[in-house]
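The values are calculated or read from the model by the stated rules, or taken from the named source; none is laboratory data. Keep in mind it's a predicted model, so treat the numbers as computed, not measured. Counting neighbours? That spans all protein chains shown, and the Cβs are built from the backbone with ideal geometry, glycine included.
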Amino acid sequence: MSAAEGFVPWPDDYAARYVARGYWDGVCLDERVWSVAARRPDAPAIVDGSTRLAYGELTDRAAAAAARLSAIGLAAGDRIVVQLPNRWEFVALVLACFRAGVVPVLVLPALRIREMRAIAERAGARAVAVAREFRGYDHERLAHAVAGSVPSVEVVLVADAADQRSLDLSALCEPSPKPTRRYSGDARGVALVLLSGGTTGPPKLIARTHDDYGYLVRRSAEVSGFDERTVYLAVLPVEHNFAFGTPGVLGALLSGGCAVLAASPAPETALGLIEGERVTHVSVVPTVLQRWMVQCADHPGRDLGCLRVVQVGGAPLPVHVARRVHTVLSGRLQQVYGMGEGLLCFTGLTEPEEVLHATQGRPICPDDELLVVDDNDRPVGPNRPGVLLVRGPYTVRGYYRAGDDDAQAFTADGWYRTGDVVRRRDDGNLVVEGRAKDVIIRGGENIAAAEIEQFAYQVDGVQRAAAVARPDERLGESICLVVVVAPGAVVELAAVHAVMKRAGTARFKYPDHLVRVDSMPVTGVGKVDKRALRELVAGSAVSSAGAGVGR
Ligand code: AMP
């Protein structure tokens, strides 16, 4: 099955409009990077520890890797699951994929066998690429376990491979003196696949085309003030849309700037990199920002004057934190609201402080269509909160290889239901006021409550289970599992964790707290009243997991 099958295209009249307005310009992502490399071969492109790659070297390596991908049998349209830490090989491999027409499926390093297997299956992946080890976890073994259980996966590529069955990724990315040929790609075709945040059931894959993703990256680079002098620091996982393309690493490369890759957002390392590499732009989730601000307050004296823009998004940013960003970190705050499915909003760099602090900005494209609706899909008035529906030149029309799963997420006429409750102010800026979807955003990671509940039901003695967000100073939101237990039964959090561990679930989804109630509050139609539960757990004493859970 080729990459095109299972992809939901935009209707012809919309596509024609997006072409006519210049959003879709028919240029593939690799062509964009290669044309920068042709102009500035010696300019720094990637910094990863002591490895520094100039544009010429990066594209030489990626071109050679593209040829080798073809040589090992990966054809244009084949999918490869890429789960690499923030290392230069990630960038070289993804560019190689673009060059060879192979489609990278970008997966967070925190995901484990349960999620990886489901993703590889759904994508019909032919290969998996990982690093041998990351944060004490054996990803090479994980990749082989995926290959062993998903028949389509034939190739395991590993950075620093130890297992003889693996192909070495660093060797794949060695420059080659042989000239390589480019796969003549179609800019309307699938370039990459992202993962939807916080979904349950089969993973939801988001296929992005060269045209639509190219537009989004260029435009977000523009509104973020990226240019050839930009030094962007990637501290969030590069597989996430935020650090990859909004504008992220790809935005830095398309602008002729440099991307510095950090293995983690740990404050000491990240702030050291900002100072040492003269970083101009960084993107973080609010919890990371807060940790950095604490570190700066505790250890003043760093020279962070180089930092021009601090982009914060992925989860709600408290206004009192927003107000302090500039004084503590020197850079100007830029709020970012968006999603892997498409829509992106940024606060403008020259907006008044009130807009920067209290809003999540405006959409990047004049043809982004936004509809704010009530529970019956009827538009609410201006400046009133409602659920946001969206369509546009870089918002997908359906999930990739989704079968019937799209019905809930997309309307019949192609609107994507974000599940976010927003208010659109008279000045056009959006304020994200809440969430209508049952998702917890823990430290910037989206987690579906239903997924946790399914595990809780597997624990002996659990009669009813509901997972809700509990405000948390460090994580923004933590996961609180509320249970009704059978008479005489004892249910501990550890038992829930044990079930999740056995299933091979990512650790960041493990609930942080457990609350026992005698009966679940229900709404008028008999559904669990999650709002009441959120209020209950926000104030109540909870039993919590030991230190280190879920990191
Ligand atoms: P993802 O696709 O993983 O980027 O997750 C997208 C979701 O994260 C959105 O639908 C929102 O629920 C949430 N989100 C992203 N940015 C923000 C923000 N600035 N403020 C509040 N929630 C956000």
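One table, with the values for the structure above:
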read-out	value
Sole exception among (1) farther than 30 Å from W292 by Cα; (2) in a strand (DSSP E or B); (3) of a type in the set (D, E, K, R); (4) modelled with pLDDT of 95 or more for R464, by number	(4)
Test result for L194, within 15 Å of the ligand (Cβ to nearest atom), part of a strand (DSSP E or B) and not acidic (D, E)	yes
Failed item, numbered, when V82 is tested on (1) outside any strand (DSSP E or B); (2) within 17 Å of the chain's Cα centre (by Cα); (3) buried (at least 24 other Cβ atoms within 10 Å of the Cβ); (4) in contact (Cβ under 8 Å) with a residue 60 or more places away in the chain	(1)
Subset of segment 398-424 that is assigned to a loop (DSSP other than H, G, I, E, B) and within 15 Å of the ligand (Cβ to nearest atom) - its residue that is surrounded by the most Cβ atoms within 10 Å (Cβ to Cβ)	Y399
Positions within segment 312-340 being near the ligand (Cβ under 6 Å from one of its atoms) and either assigned to a loop (DSSP other than H, G, I, E, B) or more than 20 Å from the chain's Cα centre (by Cα) (or both), in sequence order	G314, A315, P316, G340
Matching option when the condition is closer than 20 Å to V94 by Cβ and at pLDDT 95 or above, among G272, G256	G256
Enumeration of residues in segment 479-493 that are more than 19 Å from L108 (Cβ to Cβ) and either crowded, with 20+ Cβ neighbours inside 10 Å or touching a residue at least 12 places away in the same chain (Cβ under 8 Å) (or both)	C480, L481, V482, V483, V484, V485, A486, A489, V490, V491, E492, L493
Hits in segment 425-436 - residues which are buried (at least 20 other Cβ atoms within 10 Å of the Cβ) and of a type in the set (A, V, I, L, M)	L430, V432
Number of the exception - R208 against (1) within 16 Å of the ligand (Cβ to nearest atom); (2) over 18 Å from Y416 (Cα atoms); (3) charged (D, E, K, R)	(2)
The listed residue being more than 22 Å from V153 (Cβ to Cβ), in contact with a Leu (Cβ under 6 Å, 6 or more places away or on another chain), of a type in the set (G, A, S) and touching a residue at least 12 places away in the same chain (Cβ under 8 Å), out of A62, A54	A62
Identity of the residue in segment 1-28, over 19 Å from F410 (Cβ atoms) and of a type in the set (S, T, Y), that ends up modelled with the highest pLDDT	Y23
All helices (runs of 4 or more DSSP H) inside segment 243-306 with 3 or more residues being farther than 20 Å from R87 by Cβ and under 18 Å from the mean Cα position of the chain (by Cα)	286-298
Which numbered condition L236 misses (of (1) within 19 Å of the chain's Cα centre (by Cα); (2) of a type in the set (A, V, I, L, M); (3) part of a helix (DSSP H, G or I))	(3)
Filter result for the condition that a residue is surrounded by 17 or more Cβ atoms within 10 Å (Cβ to Cβ) and under 26 Å from V238 (Cα atoms), over G361, G348, G305	G361
Complete set of residues in segment 520-537 that are loosely packed, with under 13 Cβ neighbours inside 10 Å and part of a helix (DSSP H, G or I)	R531
Any hit, segment 168-187, residues being more than 16 Å from the ligand (Cβ to nearest atom), in contact with a strand residue (DSSP E or B) (Cβ under 9 Å, 6 or more places away or on another chain) and in a strand (DSSP E or B)	yes
Matching option when the condition is touching a Ser or Thr at 6+ places or on another chain (Cβ under 7 Å) and away from the ligand (no atom under 16 Å from the Cβ), among V231, V153	V231
Count of residues meeting criterion [in contact with a helix residue (DSSP H, G or I) (Cβ under 8 Å, 6 or more places away or on another chain) and either free of Cβ contacts under 8 Å to residues at least 60 places away in the same chain or of a type in the set (S, T, Y) (or both)] in segment 415-461	8
